[in-house]
Amino acid sequence: MTSSASTERWPEDKAWRWYGSQAWPCGFNYIPANAISYTEMWMDYNFDPQLIDRELALAQGVGFNCLRFVLPFVVWEHDPQAFQQRLDAFLEISTRRGLRAMPCLFDDCVFGHDERLKYPWYGKQPDVLPGWYANGWTPSPGHSMVRDPQTWPRLERYVRDIITQFKDDRRVWVWDLYNEPTNGGLGEASPPLVSAVFGWARQAGPAQPLTVGLWDGNEPLNALLLELSDIVTFHHYGNADSLTGRIDKLQRHGRPLINTEWLCRPKGSVVSACLPVFGQHNVGCLHWGLVNGRTQTHLHWGARPDHPQPQVWQHDLYHGDHRAYDQTELDLFRSAIQASRPTIP
């Protein structure tokens, strides 16, 4: 793979040639069981290649072929060279396990009870608060930096450094530049940074496509993302009927579709019903997530310590000790992946 110096969005035919040259994308969002957030995943005290390899071996056994994960600006800025070494090691493991990588450079999400979580720090991350969904989750780069354009030159260095280092690397499949912009109460502060990030990334000249996923009903934001993305990515946690409707609308934009977040069992986003929809429409899909652990994503969104344990777990395929939640789901994934064939309109 060689990069192009073009700073323009990919033409539709280039996007379809890229999509049609590969197997049907079917994978997952990944954070290891020992991390309460992506900040902690990449910290020097917590980054564990052996654990990552064991967990990605589970995915390889099912047949998954891609994965998505978030990179934390705060860890990169502390020591860019050490961070890139960890990222290189992660890409080496994922490639060995047959998984193409979709790094995500920014994320506005935060789920905890402490306002300080909106402003990530380098150092020991919070302890798990039993009963609270992702209580230690931190955004990237943090809400104060999103709101303050005077800090953006630091973010530009981050984007250029990461993408330049890996712009021709076959282990990197797609650059997802920003997870759920405006989430966590940021509102209109995020779209200007989204536009800036696309510009910085284009100027780095990556061979891989660029995208930011549509995730809610913010039409001005969605129009911006559709205008800038090479391929259309989106999140959808609803049932099979609503998923089908969402796909039908997005296919009108004439570009390959990849769903980068799904699987919310309490809302009807389940493997048995939704996986066939993705396959029938030739839409790539990466569910959330692989192994439950310190994020406690078996709990439902909004779960609190005084709430009863859910009867149906929300995300993930494996418990923290790597036992499968439901072998039938794994068999459905395996069969769908084996039966898939790359197609191009």
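The values are calculated or read from the model by the stated rules, or taken from the named source; none is laboratory data. As the structure is a prediction and not an experimental result, all values here were calculated from the model. Quick reminder, even Gly has a Cβ in these numbers, built from the backbone with ideal geometry, and neighbours come from all protein chains shown. SASA here: full protein model, heavy atoms, side chains in, ligands and nucleic acids out. Shrake-Rupley method; radii C 1.70, N 1.55, O 1.52, S 1.80 Å.
Summary of computed values
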item: Residue in the range 9-17 that is under 30 Å from Glu227 (Cα atoms) and within 15 Å of the chain's Cα centre (by Cα) present; result: no
item: Qualifying residue in the range 292-304 (condition: under 30 Å from Trp18 (Cβ atoms), surrounded by 13 or more Cβ atoms within 10 Å (Cβ to Cβ) and of a type in the set (A, V, I, L, M)); result: no
item: Of all residues making up the range 329-345, the number that are surrounded by fewer than 17 Cβ atoms within 10 Å (Cβ to Cβ) and in contact (Cβ under 8 Å) with a residue 12 or more places away in the chain; result: 8
item: Some residue of the range 72-91 being farther than 26 Å from Gly142 by Cβ, open to solvent by 10 Å² or more (accessible area, probe 1.4 Å) and in contact (Cβ under 8 Å) with a residue 40 or more places away in the chain; result: no
item: Verdict on Ala23 being aliphatic (A, V, I, L, M), open to solvent by less than 10 Å² (accessible area, probe 1.4 Å), out of contact with any helix residue (DSSP H, G or I) (no Cβ under 7 Å at 6 or more places or on another chain) and in contact (Cβ under 8 Å) with a residue 40 or more places away in the chain; result: no
item: Count of residues meeting criterion [crowded, with 18+ Cβ neighbours inside 10 Å, on the phi < 0 side of the Ramachandran plot and of a type in the set (A, V, I, L, M, F, W, C)] in the range 115-136; result: 2
item: Residues located in the range 143-186, provided they are part of a helix (DSSP H, G or I), of a type outside the set (Ser, Thr, Tyr) and open to solvent by 60 Å² or more (accessible area, probe 1.4 Å); result: Arg147, Pro149, Gln150, Pro153, Arg154, Arg157, Arg160, Gln165, Gly185
item: Matching option when the condition is within 23 Å of Arg96 (Cα to Cα), among the hydrophobic types (A, V, I, L, M, F, W, C) and crowded, with 21+ Cβ neighbours inside 10 Å, among Trp42, Trp18; result: Trp42
item: Residues within the range 254-269 that are within 17 Å of Thr244 (Cβ to Cβ) and of a type in the set (S, T, N, Q), tallied; result: 2
item: Among the candidates Ala196, Ala204, residue that is of a type in the set (Gly, Ala, Ser), at pLDDT 95 or above, under 18 Å from Leu155 (Cβ atoms) and touching a Lys or Arg at 6+ places or on another chain (Cβ under 6 Å); result: Ala204
